[in-house]
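J.: Can you read through this structure? Questions will come right after.
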Amino acid sequence: MVNVTLRSGTNDWHGSAFEFHRNENIQARQVFASTKAPTTYNQFGGTLGGPIAKNKMFIFGDYQGSRDHLGQVNLRRIPSVPFRAGDFSAESEKVYDPLTGNPDGSGRTAFANNQIPNSRISPIAKSIVGFINQPTGPGQVNLDQNSVRIKNIDAFDVKYDWVVSDAGRLTVRYSYQEAEVLDCGLYGPNCGIYGGPRNNGLLGTGPARTQSPMISYSHIFSPTFIWEGRFGIVRNRNDAINADAGLKTSEEIGIPGVKIDEWTSGLTEIRINGFDRPVVGFSPSLPWARSVTFFGIVNNFTKTLGNHIVRFGMDVRRERNDLLQTQTFNPRGRFEFEQEQTGTLEDNSRGRANAFASFLLDRPDTNGRDIAVQFPARRELIWNWYAQDKWNVTPKLTLDIGLRWEAELASHPRFPGGYSNYNYFNNTLELAGIGSNDIANGVRDDWVGIAPRLGIVYRLNDKTVVRTGYGISYIPRRMG
């Protein structure tokens with residue numbers, strides 16, 4: 001840490017700077033891992049502030065940055081080399097041909113030598129197997145691979161104070177933070193475009209930006225009466241994008257119709273029972289687009305009346321909440337493979353060999369996909385009023401008596417159809433703002449948030465103070 005004072009006539013400017021560094025040399029090696037994952041963390045920044053006009057205008061700024069390269073050891077269960085060729089001869093469970101036997105799964109015939117002929121292996125499965133790295137060791141946990149998650153953060157604040165008069169003061173502030181996260185997949189070039197079983201497939205880039213401007217003004221009307229008003233905005237925008245965004249990988253390996261837009265581009269997710277997931281592909285949570293914006297207006301008044309300090313005011317908040325994320329299955333589709341497709345009713349000794357055989361034979365147990373049809377967006381308005389009396393009853397006893405009234409207007413979607421309710425009487429979905437449905441779709445305004453508060457402070461002596469309090473708070477009800 002370095003502190004600096006700059007002098008210019010009678011005006012003093014003050015500043016400081018700092019830097020911090022850490023790497024993997026001071027970390028212990030993870031149990032069962034063969035090496036340490038490379039890790040580097042650097043944090044740095046500084047401050048600078050001083051008067052623009054003596055006793056009238058002041059400005060302050062700060063900056064902080066960090067470069068976080070977090071090494072991670074990935075110990076994973078991936079298909080062995082014999083499994084990839086359809087050779088399960090070393091496994092105790094038998095693999096049965098799903099094209100034989102009865103529709104209920106009985107009477108099936110096992111593959112000779114517990115091996116699937118190469119001609120029966122799906123071309124799509126062969127392509128997917130080619131995406132997976134080779135095992136680094138024997139056993140079930142057969143992949144030991146290091147990776148690095150990169151997170152860079154830059155943040156700064158700028159604050160300006162203006163002493164308008166002996167009675168008034170104006171403050172303007174702007175805060176900014178931008179974070180960029182890069183978390184690559186295990187398999188493939190260009191940041192791992194084939195994904196894989198790391199971080200549950202939550203792999204890609206996640207830029208996030210937060211901005212917060214604020215302006216406030218305080219005015220002293222008299223020695224016993226003060227007013228302060230503030231207006232501020234906090235906005236956060238966060239996008240997460242899978243590492244293979246924009247590609248047509250699924251179509252290229254023979255899965256048609258996956259990429260219908262940028263949101264659905266990339267590789268279909270594959271899950272196989274008995275192996276870390278996803279075997280290839282990315283999390284169903286990716287991609288997402290999220291933004292939250294708060295607008296706030298605050299008015300506070302303070303009045304001194306004898307041994308009473310009375311505060312009262314209001315707080316109005318407007319919230320805009322937008323989130324587009326389709327994660328029931330996956331926007332690129334998902335195929336899950338289980339043991340039953342290559343088992344038989346007469347033999348219950350099924351294992352991961354059966355599940356992987358189902359994958360090679362293109363016999364999924366479950367499949368599905370998500371399609372984004374509209375950007376979900378919610379809007380809310382909240383009013384809060386309060387009054388508080390700090391009453392110095394005696395030199396030893398102080399009471400804080402307060403009352404807060406919170407009124408939350410009905411939450412509603414930005415666009416008609418953004419909310420839906422299921423009507424179980426006629427088995428239909430009722431969409432907000434469409435037909436006879438109001439835009440809030442039955443959500444009511446909540447005006448009953450009356451919350452009393454009481455605090456008691458008693459000074460027994462110069463060294464001992466007893467404090468107690470009581471209050472009621474409300475969780476938003478959002479009831480229809």
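J.: Out of curiosity, is Thr328 surrounded by fewer than 17 Cβ atoms within 10 Å (Cβ to Cβ), in a strand (DSSP E or B) and hydroxyl-bearing (Ser, Thr, Tyr)?
T.: Working: surrounded by fewer than 17 Cβ atoms within 10 Å (Cβ to Cβ): yes; in a strand (DSSP E or B): no; hydroxyl-bearing (Ser, Thr, Tyr): yes.
When the stated conditions are applied, Thr328 does not pass them.
J.: How many of the residues in the stretch 447-470 are small (Gly, Ala, Ser) and touching a residue at least 60 places away in the same chain (Cβ under 8 Å)?
T.: From the stretch 447-470, those small (Gly, Ala, Ser) are 449, 451, 455, 469; that's our starting set.
Right, trim to touching a residue at least 60 places away in the same chain (Cβ under 8 Å) and you get 469.
Summing the residues that are small (Gly, Ala, Ser) and touching a residue at least 60 places away in the same chain (Cβ under 8 Å) in the stretch 447-470 gives 1.
J.: Let me ask another. Identify the single condition in (1) in contact with a Phe, Trp or Tyr (Cβ under 9 Å, 6 or more places away or on another chain); (2) under 30 Å from Gly257 (Cβ atoms); (3) not in a loop (DSSP other than H, G, I, E, B); (4) not polar (S, T, N, Q) that Glu336 does not satisfy, given that it satisfies every other one.
T.: Failed condition: (1).
J.: Please specify each residue of the stretch 81-109 satisfying the condition of being surrounded by fewer than 16 Cβ atoms within 10 Å (Cβ to Cβ) and outside any loop (DSSP other than H, G, I, E, B).
T.: Restricting attention to the stretch 81-109, the residues satisfying the condition of being surrounded by fewer than 16 Cβ atoms within 10 Å (Cβ to Cβ) are 81-82, 89-90, 92, 99-100, 102-104, 106-107, 109.
Matches in the stretch 81-109: Val81, Pro82.
J.: Okay, moving on. Of all residues in the stretch 339-375, count the ones that are buried (at least 16 other Cβ atoms within 10 Å of the Cβ), β-branched (Val, Ile, Thr) and touching a helix residue (DSSP H, G or I) at 6+ places or on another chain (Cβ under 8 Å).
T.: Number satisfying all stated conditions: 1.
J.: Same structure again: Out of Val466, Val448, Val373, Val443, report the one residue that is among the aliphatic types (A, V, I, L, M), over 26 Å from Phe329 (Cβ atoms) and in a loop (DSSP other than H, G, I, E, B). Walk me through how you get there before you give the answer.
T.: On the way: Val466 fails: in a loop (DSSP other than H, G, I, E, B); Val448 fails: in a loop (DSSP other than H, G, I, E, B); Val373 fails: over 26 Å from Phe329 (Cβ atoms).
Just one listed residue meets the conditions, Val443.
J.: Separate question: Quick test for you: out of Ala372, Ala407, pick the one residue that is closer than 30 Å to Gly313 by Cα and touching a strand residue (DSSP E or B) at 6+ places or on another chain (Cβ under 8 Å). Lay out the reasoning, then the answer.
T.: Numbers: Ala372 fails: closer than 30 Å to Gly313 by Cα.
Residue meeting the stated conditions: Ala407.
J.: Could you list, in sequence order, all residues of the stretch 271-309 that are farther than 19 Å from Phe356 by Cα, of a type in the set (Gly, Ala, Ser) and part of a loop (DSSP other than H, G, I, E, B)?
T.: Scanning the stretch 271-309 gives Ser283, Ser285, Gly306.
J.: Considering only residues that are surrounded by fewer than 22 Cβ atoms within 10 Å (Cβ to Cβ) and not small (Gly, Ala, Ser), which ones fall in the stretch 174-183?
T.: Tyr174, Tyr176, Gln177, Glu178, Glu180, Val181, Leu182
J.: Can you pull out the residues in the stretch 376-423 that are assigned to a loop (DSSP other than H, G, I, E, B), of a type in the set (A, V, I, L, M, F, W, C) and loosely packed, with under 15 Cβ neighbours inside 10 Å? Spell out the reasoning first.
T.: As a first pass, look at the stretch 376-423 and keep what is assigned to a loop (DSSP other than H, G, I, E, B): 376, 393-396, 409-411, 414-419.
Applying the additional criterion that residues be of a type in the set (A, V, I, L, M, F, W, C) yields 393, 409-410, 415.
Residues satisfying the conditions are Val393, Phe415.
J.: Next up: How many residues does the stretch 196-210 hold that are among the small types (Gly, Ala, Ser) and in a loop (DSSP other than H, G, I, E, B)?
T.: Start the filter on the stretch 196-210 by keeping residues that are among the small types (Gly, Ala, Ser), which leaves 196, 201, 204, 206, 208.
With in a loop (DSSP other than H, G, I, E, B) added as a condition, the list becomes 196, 206.
Residues that pass the stated criteria total 2.
J.: Name every residue in the stretch 201-219 that is surrounded by fewer than 21 Cβ atoms within 10 Å (Cβ to Cβ) and either basic (Lys, Arg) or under 16 Å from Gly266 (Cβ atoms) (or both), in order of residue number. Please lay out each step first, then the result.
T.: Taking the stretch 201-219 first, the residues surrounded by fewer than 21 Cβ atoms within 10 Å (Cβ to Cβ) are 202, 205-219.
Passing the criteria: Leu202, Thr205, Gly206, Arg209.
J.: State whether the residues of the stretch 437-444 include one that is among the aliphatic types (A, V, I, L, M), free of Cβ contacts under 8 Å to residues at least 60 places away in the same chain and exposed (fewer than 15 other Cβ atoms within 10 Å of the Cβ). Reasoning before the result, please.
T.: Step one: list which residues in the stretch 437-444 are among the aliphatic types (A, V, I, L, M), which gives 439-440, 443.
Within this subset, residues satisfying the condition of being free of Cβ contacts under 8 Å to residues at least 60 places away in the same chain are 439-440, 443.
Now restrict to residues that are exposed (fewer than 15 other Cβ atoms within 10 Å of the Cβ): none.
No, because not a single residue in the stretch 437-444 is among the aliphatic types (A, V, I, L, M), free of Cβ contacts under 8 Å to residues at least 60 places away in the same chain and exposed (fewer than 15 other Cβ atoms within 10 Å of the Cβ).
J.: The conditions are (1) within 30 Å of Leu202 (Cα to Cα); (2) of a type outside the set (Val, Ile, Thr); (3) part of a strand (DSSP E or B), and Asp362 fails exactly one of them. Which is it?
T.: Condition not satisfied by Asp362: (3).
J.: Kindly establish whether Leu381 is within 23 Å of Ile309 (Cβ to Cβ) and modelled with pLDDT of 90 or more. Outline the logic, then answer.
T.: Details: within 23 Å of Ile309 (Cβ to Cβ): no; modelled with pLDDT of 90 or more: yes.
In short, no.
J.: Oh, and also: Just to be sure before I move on: is Ile132 at negative phi and buried (at least 16 other Cβ atoms within 10 Å of the Cβ) in the structure I sent?
T.: Values: at negative phi: yes; buried (at least 16 other Cβ atoms within 10 Å of the Cβ): yes.
Here the answer is yes, as Ile132 does meet what is asked.
J.: Now for a separate question. Looking at the stretch 32-79, which of its residues are part of a loop (DSSP other than H, G, I, E, B), at pLDDT below 95 and closer than 25 Å to Asn199 by Cα?
T.: Of the residues in the stretch 32-79, the ones part of a loop (DSSP other than H, G, I, E, B) are 32-39, 54-56, 77-79.
Within this subset, residues satisfying the condition of being at pLDDT below 95 are 32-39, 54-56.
Within the stretch 32-79, Phe32, Ala33, Ser34, Thr35, Lys36, Ala37, Pro38, Thr39 meet the criteria.
The values are calculated or read from the model by the stated rules, or taken from the named source; none is laboratory data. Small disclaimer: the values here were computed from a predicted structure and weren't measured. Glycine gets a Cβ as well: all are built from the backbone with ideal geometry, and neighbour counts include every protein chain shown.
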